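Chemist: This structure is in structure tokens; I'll ask about it shortly.
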Amino acid sequence: MNTTGYGGRKLSKNVQVFTNDSAGPQLNLVITGDVDKFVTITPRHANLMGYIGEQIKSTVIIIPERKYAFKILNVRAKNGSNIKFQLAKEQGQQITQYALTVENLKQEQGRYFDTIILETDSNIQPKLEVRVFANIRPRQAKKVQ
């Protein structure tokens, strides 16, 4: 069962099991459990919305849970042709946290998406992903009256 995105919540899944046992050819199982939170990423995605020619940036804060403290070792983008990004290490209230700043490079109208991959030193979750969504719009012409 994939628990991605369920950190800090209870997860329940129904499963039907088919057997060759004539007395019980089908069983219904319920798998339930609490999913530990590994990291808090706020906001969950980097949204780059704005007008051509403007500086369009978004900052995402990554806070490791104390129980699973990790370091980010490397940052890369799947595509990277329309963005530049920078990771800064900051001292949070009780644990080191990270600020990932993503900036638009595209100078034409259009939408695009990308994914920034954060490689960690954790065996539990060696890779985190932050999705980037962008919508670059043309400037509105001023109405002349």
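The values are calculated or read from the model by the stated rules, or taken from the named source; none is laboratory data. Here the structure is a predicted model, which means the values were calculated and not measured. Methodologically, a virtual Cβ is constructed for each residue, glycine included, from the backbone with ideal geometry; neighbour enumeration extends over all protein chains shown.
Chemist: Residue check, I62 against (1) aliphatic (A, V, I, L, M); (2) farther than 13 Å from L128 by Cα; (3) in the same structural domain as Q93 (by TED's automatic domain parsing), all met but one. Which one?
Modeler: Tallying (1) aliphatic (A, V, I, L, M); (2) farther than 13 Å from L128 by Cα; (3) in the same structural domain as Q93 (by TED's automatic domain parsing), I62 fails exactly one: (2).
Chemist: Need pairs with beta-carbon distance below 9 Å; first residue in contact (Cβ under 8 Å) with a residue 40 or more places away in the chain and charged (D, E, K, R) and within region 111-131, second exposed (fewer than 12 other Cβ atoms within 10 Å of the Cβ) and in a strand (DSSP E or B); sequence gap 6+ or separate chains.
Modeler: E119/L73; E119/N74; E119/R76; E119/K127; D121/L73
Chemist: Give N20, N74 a once-over and let me know the one that is assigned by TED's automatic domain parsing to the domain that holds I117, on the phi < 0 side of the Ramachandran plot and not hydrophobic (A, V, I, L, M, F, W, C).
Modeler: From the options N20, N74, the qualifying one is N74.
Chemist: So which of A88, A46, A99 ends up being buried (at least 17 other Cβ atoms within 10 Å of the Cβ) and over 19 Å from G7 (Cα atoms)? Give the derivation first.
Modeler: On the way: A88 fails: buried (at least 17 other Cβ atoms within 10 Å of the Cβ); A99 fails: buried (at least 17 other Cβ atoms within 10 Å of the Cβ).
Every option except A46 fails the conditions.
Chemist: Criterion first (assigned to a strand (DSSP E or B) and aliphatic (A, V, I, L, M)) does I136 satisfy it?
Modeler: Criteria met by I136.
Chemist: Being loosely packed, with under 13 Cβ neighbours inside 10 Å and either modelled with pLDDT under 95 or closer than 14 Å to Q125 by Cα (or both) is the requirement here; does V39 meet it?
Modeler: no
Chemist: While we're on this one: Could you count how many residues in region 11-47 are under 30 Å from F113 (Cβ atoms) and hydrophobic (A, V, I, L, M, F, W, C)?
Modeler: 6
Chemist: If I filter region 1-28 down to residues being over 31 Å from the mean Cα position of the chain (by Cα) and touching a residue at least 12 places away in the same chain (Cβ under 8 Å), which single residue comes out as farthest from G80 (Cα to Cα)? Can you show your working first?
Modeler: Of all residues in region 1-28, those over 31 Å from the mean Cα position of the chain (by Cα) come to 16-28.
Next, from what is left, pick out any that are touching a residue at least 12 places away in the same chain (Cβ under 8 Å): 16-17, 28.
On the way: Q16: 43, V17: 44, N28: 46 Å.
Here the residue is N28.
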